1. Full-extension gain between Arg44 and Thr129, please, as 0.36 nm times their residue separation minus the C-alpha to C-alpha distance.
2. Report the calculated FRET efficiency for Gln55 and Lys82 (r = Cβ-Cβ distance, R0 = 22 Å), to the nearest 0.05.
3. Peptides 131-141, 82-92, 102-112: what's the order by average Cβ count within 10 Å, highest mean first?
4. Beyond 23 Å, what percent of the Cα pairs of the stretch 52-153 remain?
5. For Arg44, what accessible surface area do you get with a 1.4 Å probe? Give it in Å², rounded to 10.
6. Number of Lys-Lys pairs in the stretch 72-155 under 22 Å by Cα, sequence gap 8 or more or different chains?
7. Would the stretch 102-151 count as rounded, prolate or oblate if I go by the C-alpha gyration tensor, calling it rounded below 1.5 in a/c and otherwise prolate when a/b exceeds b/c, oblate otherwise?
Amino acid sequence: MKNSVILICVLCFIGLAVNSYSENTLNDGSHGMRHETHSVKDERISLGLSPAMKQHQLANMRNHVEAVQSIIGLLSEGAFDKASHIASSQLGLTEEMEKMCNNFENENFKNLGLAFHKSGDALGATLKTKDLTKSLGALHTTMSYCVQCHATFRQ
């Protein structure tokens, strides 16, 4: 049962990573693969970022996906302390992440980002309990912010 839950989490993250990559690849026009006749209008809110900031933000999100992948792998090994460290240091509300989130003009995006990072800290604390069920619940909460953000906003 535990392995099934972990596998489901991994598959969800792969889906998010592929979606993020596909969105970036198809929307930047760099690969000549735009299919305007088959595209669906993207109704999500654009943050209106500069090209450099867009790439920076996308790199941050990819780092978050890699951190979650690492956490899932460590959970499957029972390495809760290592997983906790990754959650706190890479997903948590570090001073750098708080400063970055507060630079966004869109208040909803800013608040969602801050809530995501706070949930990363809560995930780190929960992982320290070494309770797999509670840890997966905390990971689910953290991921819910990712899903909500990607459903609402686009770079």
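1. Details: separation 85, 0.36 × 85 = 30.60 nm, distance 3.75 nm.
Taking Arg44 through Thr129 to full extension adds about 26.9 nm, to one decimal.
2. On the way: r = 29 Å, r/R0 = 1.34.
It comes out at approximately 0.15.
3. Details: 131-141: 16.5, 82-92: 21.1, 102-112: 13.0.
Top to bottom by mean Cβ count within 10 Å: 82-92, 131-141, 102-112.
4. Counting every Cα pair in the stretch 52-153, those more than 23 Å apart make up 22 percent.
5. About 40 Å², rounded to the nearest 10.
6. The number of close lysine pairs in the stretch 72-155 is 10.
7. Working: a/c = 5.40, a/b = 2.14, b/c = 2.52.
Oblate.
The values are calculated or read from the model by the stated rules, or taken from the named source; none is laboratory data. Every value quoted in this text rests on a predicted model; they were computed, and no experiment measured them. Glycine gets a Cβ as well: all are built from the backbone with ideal geometry, and neighbour counts include every protein chain shown. Heads up: the accessible areas ignore ligands, DNA and RNA and are worked out on the full protein's heavy atoms, side chains in. Shrake-Rupley method; radii C 1.70, N 1.55, O 1.52, S 1.80 Å.
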